[in-house]
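For reference, the structure discussed in these notes is given below.
The values are calculated or read from the model by the stated rules, or taken from the named source; none is laboratory data. Just so we're clear, the structure is a prediction, and the values are computed from it rather than from any experiment. Note that each Cβ is placed from the backbone with ideal geometry, even for glycine, and that neighbours are counted across all protein chains shown. With ligands, DNA and RNA removed, areas are computed over all heavy atoms of the protein, side chains included. Shrake-Rupley method; radii C 1.70, N 1.55, O 1.52, S 1.80 Å.
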Amino acid sequence: MANLRLAMDAAFWDLNVASSRTLDGVVRSVAGEPAPSSTERASRTVRPQQLSFLRQVFPLGIIPCLAPTPYKDVGSFALQSLLLSPAFSQMWFGLVGQFRPWKLISSIKKEIASTDDIDLSSFRDIGKHILDKSLYALGFFSQLSLTDDTSLLFNVERHGERKSPRSKAILFHKLPNHDVTLEAAWPELYVERNGTYWEVPSSASLDVSSLISESGFRYRFGLHKNSGNPEAISSSRSDVPLSLMPGICAKAAFSVEKSRDFWRESEEPVSEERKSEKKPAWLISYDKQLKDPHAAVSAIIGGTCEVWFGGNGNKGTSSKDQTGDEGIHRSSSPSRSRNHFNMDLFGSFGCSFQRGKFTYDFNDLTRVDARLDVSSASALLKGFAHLVSATFKGQVQGEVNPLAYPRLNVILQQQIAGPIVFRVDTRFSFSSSSGSHLPHVEDVIYGLSYSLRMLQSGKFLAWYSAKRKEGMVELRFFEF
């Protein structure tokens with residue numbers, strides 16, 4: 001079933017969203033915003049390891065992607081490749097390169113068209129276009145296993161059109177019943193639900209998350225610190241999300257998850273004698289997570305509590321007419337306040353239907369998943385009161401919190417042939433700029449996956465987001 005735990009994870013700053021704008025393929029979701037769709041959730045496999053698998057499939061090990069930039073002449077189309085990947089007993093390194101061919105091709109075409117006779121100077125000019133640093137990006141990735149339960153990841157990437165690199169360090173530690181994560185990034189890139197990207201100069205967080213229990217109870221708590229004024233990329237937006245403003249936040253959350261099957265067609269228990277018999281390959285499902293036809297419902301309900309220290313939460317960015325790296329706009333915004341203490345409830349309700357066992361080559365998988373997200377119970381009640389007042393009293397002054405409107409995510413998956421599955425992930429909202437409360441489409445993500453039967457639940461997933469105009473190919477293991 002589509003991941004309901006996104007409802008709680010969306011309240012924190014470390015929810016990874018897949019994006020082709022960075023070489024590690026990851027940006028952060030803005031904390032406190034509606035949960036992203038399941039397809040948007042980034043792969044848990046680090047990008048160099050993904051590219052190591054993908055280069056065995058793509059010609060010459062070159063993987064294409066669509067990665068928009070503020071500079072239109074550079075183009076969105078990019079080619080990525082894993083250049084080096086040495087590995088040792090306790091560590092590995094990876095060097096990832098990216099090349100944007102569109103600007104080079106268009107520049108050479110203009111150069112040839114404007115020159116009647118091709119001479120040495122023409123080749124010299126073409127060489128300058130090839131050496132244009134805005135065409136290239138380079139990323140260094142590393143992972144060191146300190147102990148059996150502790151690992152350190154560090155990566156730094158440099159894009160030619162940027163003046164400064166992006167750096168990130170993550171320390172993972174596994175406890176018997178908890179996962180501990182310490183992370184720092186400078187700068188960190190966040191994405192809003194409407195597709196706007198924000199760059200925070202410095203971000204650091206400590207997070208402790210419990211493993212889900214048999215009862216479905218789960219909790220998280222941690223600290224987060226933002227430093228510097230957030231800046232919008234390729235946008236003149238001035239209303240900075242308050243959770244990205246400078247300050248320190250202590251946050252805790254809990255959730256309870258329950259599910260119920262209306263019916264489920266599971267495999268019959270196998271006797272001890274037959275366990276040793278090898279099952280024919282054509283009777284094994286292409287994906288272990290998609291092998292049971294079923295109809296089920298599930299729900300997750302929880303609460304959050306946060307306390308902010310420092311930071312006024314009402315400062316805008318500096319003047320609007322200046323731009324910096326990557327077309328960053330620094331714009332002044334009206335004064336807005338951030339509550340220093342806040343408590344709220346959230347919930348997600350889902351249903352899932354699947355026909356077929358995804359075993360045969362044709363017409364053996366049709367699946368629909370729907371998830372209704374309520375990001376803020378308090379905002380929902382205030383929004384309902386606003387709607388009632390607007391209905392009976394006419395015009396009502398004041399803006400409604402975007403979190404007041406539920407979001408509906410619907411995923412349709414249909415087998416095309418063999419391990420190839422087409423999927424459409426659609427997000428609906430019940431609010432619009434026109435004031436209508438009828439459902440409308442916020443974003444549509446199209447995907448095409450190729451399941452790898454030998455990995456039990458592994459697949460290549462190529463996706464494209466209509467709102468963000470991004471697309472990339474990922475490798476996902478035991479992920480929806």
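If amide hydrogens are placed 1.01 Å from N in the peptide plane, which non-local residues have theirs closer than 5 Å to the one on residue 431? It is 440, by chain and number.
Phi angles of region 84-93 translate, via the Karplus equation with coefficients 6.51, -1.76, 1.60 and θ = phi - 60°, into HN-Hα couplings of 9, 8, x, 10, 10, 5, 10, 7, 8, 10 Hz per residue; Gly and Pro are given as x.
Comparing Cα centroids, region 287-309 and region 170-234 end up 19 angstrom apart. With all protein chains in place and ligands, DNA and RNA left out, the 1.4 Å accessible area ranks 45, 147 as 147, 45, largest first. The largest accessible area among 263, 463 belongs to the first residue in 263, 463, and the rest follow in falling order (1.4 Å probe, all chains). The listed residues 46, 17, once ranked by accessible area (1.4 Å probe) with the largest placed first, stand as 46, 17.
Near residue 452, the amide H atoms lying under 5 Å from its own belong to 458, 459, 460; only residues 5 or more places off or on other chains count, and H is placed 1.01 Å from N.
Look at the dipole of the chain built from charges on Cβ: of 286, 87, 106, the Cα furthest out on the positive end belongs to 106.
Counted residue by residue at 0.36 nm each, then reduced by the alpha carbon distance between them, the extension gain from residue 89 to residue 455 reaches 129.4 nm. Taking all Cα pairs closer than 8 Å and separated by 6 or more residues, the relative contact order of region 62-160 comes to 24 percent.
Think of each Lys and Arg Cβ as +1 and each Asp and Glu Cβ as -1; about the Cα centre, that makes the dipole of the chain roughly 380 debye. The packing ranking, built from the mean of other Cβ atoms within 10 Å per residue, places the peptides 168-174, 25-31, 227-233 in the order 25-31, 227-233, 168-174, highest first. In terms of its C-alpha gyration tensor, region 1-62 comes out prolate, because a/c is 1.5 or above and the ratio a/b outweighs b/c. Computed packing ranks the peptides 286-293, 149-156 as 286-293, 149-156, most packed first, by mean other Cβ atoms within 10 Å. Taking a sphere under 9 Å around the Cβ of residue 205 and counting the other residues whose Cβ falls inside, with K and R at +1 and D and E at -1, yields a net charge of -2. Sequentially through region 64-81, phi angles give Karplus couplings (6.51, -1.76, 1.60; θ = phi - 60°) of x, 7, 10, 10, x, 10, x, 9, 5, 5, 6, x, 8, 6, 9, 10, 10, 7 Hz, Gly and Pro residues having no value and appearing as x.
In order along region 143-150, the phi-based Karplus estimate (6.51 cos²θ - 1.76 cosθ + 1.60, θ = phi - 60°) of 3J(HN,Hα) comes to 9, 10, 8, 6, 9, 5, 10, 10 Hz; Gly and Pro are listed as x.
In this simple spin-label approximation, residue 164 and residue 145 carry label points 7 Å from Cα along the Cα→Cβ vector, and these lie 3.6 nm apart. For residue 455, the shell of other residues with beta-carbons less than 15 Å away shows a net charge of +3, using +1 for Lys and Arg and -1 for Asp and Glu.
Charge tally for residue 263 (other residues, Cβ to Cβ under 12 Å; Lys, Arg +1; Asp, Glu -1): 0. Each residue of the chain gets 193 Å³ once the volume of the Cα convex hull is shared out per residue. With 0.36 nm allotted per residue and the present C-alpha distance subtracted, the residue 62-residue 175 stretch has 36.8 nm of extension available. If the segment from residue 430 to residue 480 were pulled out straight at 0.36 nm per residue, it would be longer than the present Cα-Cα gap by 15.4 nm. Set the bar at 26 Å for Cα to Cα. Now go through 72/163; 72/467; 251/382; 133/225 and name every pair that lies beyond it. As for pairs spanning more than 26 Å Cα to Cα, those are 133/225.
Highest mean packing comes first when the peptides 95-105, 79-89 are listed by Cβ atoms within 10 Å, giving 95-105, 79-89.
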